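All remarks here apply to the structure that follows.
What follows draws every value from the coordinates through simple rules; no lab data is involved. Just so you know, these numbers come straight off a predicted model, no measurement behind them. Ideal geometry is used to build each Cβ from the backbone, glycine not excepted, and the neighbour counts take in all protein chains shown.
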Amino acid sequence: MPADRIKALNKAKPCSEALAHPGWEELLALLALYGVEDAAEAGLMDTSHDGKDVRWNYILDKKYVLRLTNAPEMTEARLDDLNRLIARYNAFGLRCPAFLRGKDGRFFHSWGRLTVYLSEYVDLPVAGETDLTEAEQDALREEVVLSLARFMARYRDVDLIPTMGMYSLFDLCPYDAPLGVDEKQQNMDTVCAALRKWDAESLAQKLAARNGEVRGRLLQIFRSLPRCVTQGDENFTNVLLDDAHHMAGLIDFNLAGTDVCVNLIANNADFNLDVMNDQPWDDPAAVLEKALASYRKNAAMLLAVYPASQAERAALADYAWIALASQWPYACAFTDRLEKEACRASTLALLSLIAELDMDRLAVCAGRP
């Protein structure tokens, strides 16, 4: 995308009247700050939200990504932490693009009101943009979560970083810190508020009490459990594929952070809870049983490659209950279904079963659901 296409882009899609895309010579000048003296072409991936949240990603010669942003989420120390993590992923056998320092030793530079930094580019297809069959998608999901478990087994308690991952409880990730409470507690509060809206105060109290009981146990032990730093957002938009549609790499380390290993297992051993539809359930108990069976199967598969201690396996059941009751997609579905009269009674029944769930039904041994 040389100079003429850059000009056309500015005319067609300026971020604002005051903030146009850089010209070709300006892009080359920014690259030169990192010791890259020339480029032949560029493609733009614009993930901006608006003029206050600009995210321009210029892919240059399929070797580099020059990033221009005004999002204040990265620091020199943060990119240094991420580069060490990325090096571990590369040593693990996944291709992950590292961030590059400028000739002055710094990651960050400026262009007008925007911050500039540079990373490598990995020329592999993204799973979310690839036409995969349902069977290929299922196989890939299994590859991704097994890769996570193996990575944690190799690198648990290695070079932990202060930034917490997005699933973290008690110790807050950057997105939760402004509110002073982790996302799952926020989600639980939202579900309980929805229950009260529909005159289910007793159930709201019961669910909140069980949540407090489970969290209370974890609060006593979570700092003693093994942790790992992971990429933290292993969905298909961030998974790179090889020619055979197998997992080959990861991109987008914005959500990378430290978390308790078995908390990561609980959040990635999918309950496959069918709550996203807007139809009533004839048998909420059967819906829950199916979800528990799915979780136990998936968790057993992960524990077959992640050698959890007895203390970790005990904590896993508590982490799993919190995921079942207040993981983002489930909490959203519960509240949405409560708004629908046809679904309300069966959703209330399911939430009542979750509030009273025997924790032994979440117990999992390695290799055995």
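A few remarks follow.
- Distribution of pairwise C-alpha distances over the range 240-284, 5 Å bins, in %: 5, 13, 12, 14, 17, 18, 9, 9, 3
- Gaussian network model of the chain, springs between alpha carbon atoms under 10 Å - residue of Ala153, Ala194, Ala32 with greatest fluctuation: Ala32
- Distance between the 7 Å Cα→Cβ label points at Phe108 and Gln137: 3.8 nm.
- Alpha carbon Rg of the range 122-236, scaled by the compact-globule rule 2.2 N^0.38 Å: 1.38
- Contact order normalised by residue count of the chain, Cα under 8 Å, 6+ apart, percent: 15
- Sorted by Cβ density within 10 Å, fewest first, the residues Trp111, Trp56: Trp111, Trp56
- With Cα atoms as the point set, the radius of gyration and Dmax of the range 284-369 evaluate to 14.2, 45 Å.
- Charge dipole of the range 38-129 about the Cα centre (unit charges at C-beta), most positive-ward option of Leu114, Ala40, Pro125: Leu114
- The fewest-to-most ranking of Phe253, Phe108 by surrounding Cβ atoms within 10 Å reads Phe108, Phe253.
- Inter-part distance where the range 115-153 and the range 177-241 are each reduced to a Cα centre, Å: 26
- Inter-label distance, Asp80 to Lys290: 5.1 nm, where each label sits 7 Å from its Cα along the C-beta direction.
- Dipole size of the range 227-369 about its Cα centre, with +1 on Lys/Arg Cβ and -1 on Asp/Glu Cβ: approximately 400 debye, rounded to the nearest 20.
- Nearest-0.05 FRET efficiency for Ala71 and Gln205, computed from C-beta distance (R0 51 Å): 0.80
- Förster radius 45 Å - calculated FRET efficiency between Glu37 and Ala304, Cβ distance, rounded to 0.05: 0.35
- Under the convention that each Lys and Arg Cβ holds +1 and each Asp and Glu Cβ holds -1, the size of the dipole of the chain around its Cα centre is about 860 debye.
- P(r) of the chain over all Cα-Cα pairs, binned every 20 Å from zero, in whole percent: 26, 51, 22, 1
- Translational diffusion of the range 77-150, estimated by Stokes-Einstein from the Kirkwood radius over alpha carbon pairs at 4 °C in a medium of 1.567 mPa s, is 86 µm² per second.
- Label zone at Arg55 (point 7 Å along Cα-to-Cβ), backbone N below 14 Å, the range 161-198: 175
- Working note: Debye formula, equal point scatterers on the alpha-carbon atoms of the range 69-112, no solvent; log10 I(q)/I(0) at q = 0.26, 0.29, 0.33, 0.34 Å⁻¹ is -0.98, -1.07, -1.17, -1.19.
- Across q = 0.23, 0.24, 0.26, 0.29 Å⁻¹, the range 116-179 modelled as identical point scatterers on its alpha-carbon atoms has Debye log10 I(q)/I(0) values of -1.04, -1.04, -1.04, -1.10, in the order of the q list.
- By the count of neighbouring beta-carbon atoms within 10 Å, fewest first, Met152, Met301, Met359 end up ordered Met359, Met301, Met152.
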